[in-house]
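A.B. asks: Below is one structure. I have some questions about it.
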Amino acid sequence: MFQGVMDSDFSEYTNCAAEYSKAYVAEYDRERFLNATRLSVLREVLGRQTDYYIEYDAVVEGEIYKLQNKYTISDNKQFENHMLISVRDVTESTRERNAKKKELSEARVMAEAANRAKTTFLFNMSHDIRTPINAITGYTHLLEMNMDNKEKMRNYIEKIRYSSDFLLSLINNVLEMSRIESGKMELDETLWSVDQLNNTISSVFDEQIRQKKLKFISKKNVTHPDIICDELKLKQVYLNIISNAIKYTPEGGSITMELGELPCDRQEFGLYRCVVSDTGIGMSEEYLSHIFEAFTRENSSTESRTVGSGLGMAIVKNLVDFMGGRWCHLCPYG
């Protein structure tokens, strides 16, 4: 195909290519450019196909551009067997492609993270889901076999109710976490009194505290009990924390909740601090950094004999952040 081109023309091209690369091609890209545009390469490639393209970084007046050279054999009889070279600026299209690649890469990373979260979710919750379902099934069967024994019936019904409540709590936590992550939460602020907090905790947890023979101590030092807040979300925070304390405190232990009002320099705002401590099993220093990760627990329910979804503290952290609060680790390690 190059038979009609004299060796002197080849030599001229080589010199021109070297001068062009020195003048325009970025130094770090120069060797690749020269190797890819050698006459032997061009002859071999254009012997098989009509066009040959190469992209490279070029420096023009101190700015880096992405240029594209197109090499092709002229189809004009007047210039038969001559090679034509055209240069095109593809900087913007390259940036767009890179931006698209980055976007796709980020989407892939997010999708992989979501898949890992699903796997972790199923792994951590498989036992917890089976446990209450098996309990409900087993106790329902026992209930049918002991319809004439009221004492046993009451015992089985109580255990079925407990397992059902756990399943409902598990489902509610999953739905709440999904709602938080979807960004669909809104604040619904109304007038509320922190004096009602003890009543809320008492109505929910009195029976569990009694059954485990726990001691619940509430301390309060508040000057302004009436506040404007999202009552439901605030209750969710406290109920999740107290629930965890009850769950992981052994029989005969104690739980202390201290609510205090701190000085606040913002007019018509109050600064409150609540500290919940217990005599429970605690946690290791290594696990502390993972406490707010969804679906995580230091010990599985099989090891600790305590069921849970691993969502409670993640929900607490998200709610506290959403309402503009701050979370601090004040308790010692286990």
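The values are calculated or read from the model by the stated rules, or taken from the named source; none is laboratory data. Bear in mind the structure is a predicted one, so any value in this text is a computation, not a measurement. Please note: Cβ atoms are built from the backbone with ideal geometry, for glycine as well, and neighbour counts cover all protein chains shown. Accessible surface areas use protein heavy atoms only, side chains included; no ligands, DNA or RNA. Shrake-Rupley method; radii C 1.70, N 1.55, O 1.52, S 1.80 Å.
A.B. asks: Give the number of residues within segment 185-194 that are over 32 Å from the mean Cα position of the chain (by Cα) and loosely packed, with under 12 Cβ neighbours inside 10 Å.
C.D. replies: 1
A.B. asks: Further question on the same structure: Filter segment 120-170 down to residues that are surrounded by 17 or more Cβ atoms within 10 Å (Cβ to Cβ), of a type in the set (F, W, Y) and modelled with pLDDT under 80, then give me how many there are.
C.D. replies: Count: 2.
A.B. asks: Give me a count of the residues in segment 195-214 that are in contact with a helix residue (DSSP H, G or I) (Cβ under 9 Å, 6 or more places away or on another chain) and open to solvent by 80 Å² or more (accessible area, probe 1.4 Å).
C.D. replies: 2
A.B. asks: Another one. Find all pairs meeting these conditions: Cβ atoms under 7 angstrom apart; at least six residues apart or on different chains; first residue within segment 132-147 and in contact (Cβ under 8 Å) with a residue 12 or more places away in the chain; second residue basic (K, R) and assigned to a helix (DSSP H, G or I).
C.D. replies: Final answer for the pair search is A135/K159; Y139/K159.
A.B. asks: Which pairs have Cβ atoms under 6 Å, sit 6 or more apart or on different chains, and link a residue in segment 16-29 that is open to solvent by less than 60 Å² (accessible area, probe 1.4 Å) to one that is at pLDDT 90 or above and in a helix (DSSP H, G or I)?
C.D. replies: Close Cβ pairs satisfying both conditions: S21/R30; S21/F33; S21/L34; V25/F33.
A.B. asks: Of everything in segment 218-259 that's at pLDDT 90 or above and among the charged types (D, E, K, R), which residue is nearest to the chain's Cα centre (by Cα)?
C.D. replies: E258
A.B. asks: Okay, next question. I want to confirm something. Restricting to segment 46-71 and keeping residues that are free of Cβ contacts under 8 Å to residues at least 12 places away in the same chain, on the phi < 0 side of the Ramachandran plot and not polar (S, T, N, Q), which single residue is least open to solvent (accessible area, probe 1.4 Å)?
C.D. replies: E63
A.B. asks: Next up: Enumerate the strands (runs of 3 or more DSSP E) found wholly within segment 189-255, keeping only those where 1 or more residues are of a type in the set (D, E).
C.D. replies: Hits in segment 189-255: 226-229.
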